[in-house]
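The values are calculated or read from the model by the stated rules, or taken from the named source; none is laboratory data. Values in this document were obtained by computation on a predicted structure and should not be read as measured data. Ideal geometry is used to build each Cβ from the backbone, glycine not excepted, and the neighbour counts take in all protein chains shown. Just the protein is used for accessible areas: all its heavy atoms, side chains included, with ligands, DNA and RNA removed. Shrake-Rupley method; radii C 1.70, N 1.55, O 1.52, S 1.80 Å.
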Amino acid sequence: MSEILSSLRSLMASHSPPLDALVVPSEDYHQSEYVSARDKRREFVSGFTGSAGMRSVVASCKLIAITQLVHHGMLFVPIGYTFGAGMFKMDSIRGGSPYGAGVFAGDGSREATETELALAEHQGNYMATIVKRLGQP
């Protein structure tokens, strides 16, 4: 199974633009629940033989972690594009995305930039605002 997923992730990365996620449904093109052997794409990718459900294949473990944590009740508040123009700066290497703050550290010798630090602070403030709203009656 891991060979199939590795090959699929390589294809996703080579796509232009690269694909971050792929949803593999259990239904066929006619949305039939019980499908012929040639249409069992989800079973081929995951090994799951149940009659219903879907498989999502993601390029990054970060996306997998988010869904698991949310499933167990943890709140996840992506910042989306609320950071403003700083989200779109392309003049230097920087971490962060609509999912949240981040730093490209490589081997650990690179320090966070001012933009990365500002994004992290923005994410904390944004999350605090959401939590305050949830606490109001």
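Data overview
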item	result
Unique residue being open to solvent by less than 70 Å² (accessible area, probe 1.4 Å) and either in a loop (DSSP other than H, G, I, E, B) or closer than 27 Å to I130 by Cα (or both) when the list is V24, V35	V35
Single condition L117 does not satisfy, out of (1) at pLDDT 80 or above; (2) surrounded by fewer than 12 Cβ atoms within 10 Å (Cβ to Cβ)	(2)
Top-ranked residue of the range 46-63 - restricted to ones that are in a helix (DSSP H, G or I) and open to solvent by less than 70 Å² (accessible area, probe 1.4 Å), ranked as modelled with the lowest pLDDT	L63
Test: I66 is open to solvent by less than 70 Å² (accessible area, probe 1.4 Å), at pLDDT 75 or above and not in a strand (DSSP E or B)	no
Any chance H71 is on the phi < 0 side of the Ramachandran plot, modelled with pLDDT under 80 and open to solvent by 100 Å² or more (accessible area, probe 1.4 Å)	yes
Looking only at the range 76-108, and only at residues there that are open to solvent by 90 Å² or more (accessible area, probe 1.4 Å) and assigned to a loop (DSSP other than H, G, I, E, B), the one that is nearest to D20 (Cα to Cα)	Y99
Selection from the range 109-137 of residues that are within 15 Å of G96 (Cα to Cα), without any contact (Cβ under 8 Å) to a residue 12 or more places away in the chain, of a type outside the set (A, V, I, L, M) and assigned to a helix (DSSP H, G or I)	E114, E121, G124
